[in-house]
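Here is the structure we will look at, set down as structure tokens.
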Amino acid sequence: ILLEQDLHKALENHEFHLVYQPQVNLKTGSIESVEALVRWHHPMRGFVSPELFIPIAEESGLIIPLGEWILETACKQAKIWEQEGLPPFKVAVNLSLGQLFQQDLVEMVEAILVRTKLQPEFLQLEITESMTMNIDQMTQLLHELKALGIQIAVDDFGTGYSSLSYLKDFPIDCLKIDRTFVRNVPLNPNDEALVSMIISMAKHLRLKVVAEGIEEVEQLAFLSDGGCDYIQGYLFSKPISPKEISETFSDLH
Ligand code: G
Ligand code: G
Ligand code: MN
Ligand code: NA
């Protein structure tokens, strides 16, 4: 299809850019990480959502070069922020399913860390639960990634498959509660129960927990009382440009 052809040209035509959404520590109020999110500005169609083009990139295999570009751009940017003198914070990058199956994924991540000179503890990779890779393969892969010194987060937690067996075996640092659970908190008692349960489980497993999609102060209050570590959402900030991230820090200090 047309979009797929355009997608192939988009990388060489520099039509992609990244925006970054802060994740805020609920206890201290400080930004400890930012999530990189890709944006495509199509020359004719204008903005095309990643919800539309990431699946096409996956099917066409373009996710491999695109994923590498996203990772390298985010790590480069993190180094620039460091050189600007901003206080240290992590950059979180989404890995798509196709990348998890990429043969040289670990080597690619390592090479990017070397090229950009970013210290590995400032990189967090976000993975989503999926049925298509078996637990042993996934555990092995995550151990290899962890050995680089980077952080691993499970994204969209609670919406995928076999969540609990994942938690048992995977060397992960962080759970991100999917925003569909947070949306109706504190109005819906079932959602409240699930969110509280996920936070409590994360604590027992010594994982950090991030709640995504926080738009209302009532949601914030519920999560704060419940002991959630970090929040990410429009209430605090939309995804913003690198320059706006720098400015946010200057405004805070
Ligand atoms: O940023 P936005 O809410 O529009 O993203 C929509 C979807 O696209 C989300 O599921 C998000 O995880 C995914 N997405 C956004 N940026 C990236 C990216 O850089 N890499 C991958 N693999 N997925 C992304
Ligand atoms: O699947 P993933 O968690 O990576 O997707 C993150 C997406 O969520 C981003 O595309 C971002 O634009 C979107 N997002 C971030 N904060 C909010 C929010 O407060 N409300 C809604 N509806 N979407 C959000
Ligand atoms: Mn994510
Ligand atoms: Na998510």
Looking at L220, L207, which is the one that is of a type in the set (A, V, I, L, M), surrounded by 17 or more Cβ atoms within 10 Å (Cβ to Cβ) and touching a Phe, Trp or Tyr at 6+ places or on another chain (Cβ under 9 Å)?
-> L220
Could you tell me which numbered condition Q140 fails, if it satisfies all but one of (1) within 26 Å of E110 (Cβ to Cβ); (2) in contact (Cβ under 8 Å) with a residue 24 or more places away in the chain?
-> (2)
Hey, which of the strands (runs of 3 or more DSSP E) in the range 1-78, taking only ones fully inside, have at least 3 residues that are surrounded by fewer than 21 Cβ atoms within 10 Å (Cβ to Cβ) and either in contact (Cβ under 8 Å) with a residue 60 or more places away in the chain or within 16 Å of ligand 2 (Cβ to nearest atom) (or both)?
-> 16-25, 31-42
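Taking V210 as the residue in question, decide whether it is within 16 Å of ligand 2 (Cβ to nearest atom), in contact (Cβ under 8 Å) with a residue 12 or more places away in the chain and in contact with a Cys (Cβ under 7 Å, 6 or more places away or on another chain).
Working: within 16 Å of ligand 2 (Cβ to nearest atom): yes; in contact (Cβ under 8 Å) with a residue 12 or more places away in the chain: yes; in contact with a Cys (Cβ under 7 Å, 6 or more places away or on another chain): yes.
Criteria met by V210.
Can you name every one of the helices (runs of 4 or more DSSP H) wholly within the range 122-230 that holds 3 or more residues which are at pLDDT 95 or above, at negative phi and away from ligand 3 (no atom under 16 Å from the Cβ)?
So the answer is 135-146, 189-204, 217-226.
The values are calculated or read from the model by the stated rules, or taken from the named source; none is laboratory data. Keep in mind the model is a prediction, meaning the values are calculated, not measured. Please note: Cβ atoms are built from the backbone with ideal geometry, for glycine as well, and neighbour counts cover all protein chains shown.
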